[in-house]
Amino acid sequence: MAHSQFDQFLSEATCCDRESDSALDGDSFYGLYTSWCYLSGNAPKSEHAFWAAMKQRVSPGQCLTMKGPAAADFILSSYQAVV
């Protein structure tokens with residue numbers, strides 16, 4: 001069975017961490033997705049399509065954190081360097 005872009009994103013860029021105090025919030029979650037799309041060469045789907053897909057794949061209260069190259073790209077692009 002082929003995995004959708006959203007399934008691949010969740011597998012490659014997120015992990016479930018019940019112990020973490022820093023779960024992804026909404027803006028960061030979509031931002032991580034767009035970073036993952038950029039790095040993987042996928043065109044990002046609309047924010048509406050993203051949230052509809054996540055509603056089907058992520059349980060309410062599930063604690064997801066960032067991982068992998070998309071996490072590094074998102075963090076670096078989100079915070080300007082202090083010079």
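Every read-out reported here was derived from the displayed coordinates using simple, explicitly stated rules and does not represent laboratory data. On a predicted model such as this, the values are computed, not experimentally measured, just so you know. No Cβ is skipped: glycine too gets one built from the backbone with ideal geometry, and neighbour counts run over all protein chains shown.
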At what distance in nm do the modelled label points of ALA72 and ALA43 sit from each other, each positioned 7 Å from its Cα along Cα→Cβ?
2.9 nm
Putting +1 on Lys and Arg Cβ atoms and -1 on Asp and Glu Cβ atoms, find which of PHE29, ALA72, GLN5 reaches farthest to the positive end of the dipole of the chain.
GLN5
What three numbers, in Å, describe the spread of the alpha carbons of the chain along their principal axes, ordered from the longest?
47, 32, 22
Mind giving me the FRET efficiency for ASP25 and HIS3? R0 is 35 Å, r the Cβ-Cβ distance, nearest 0.05 is fine.
0.90
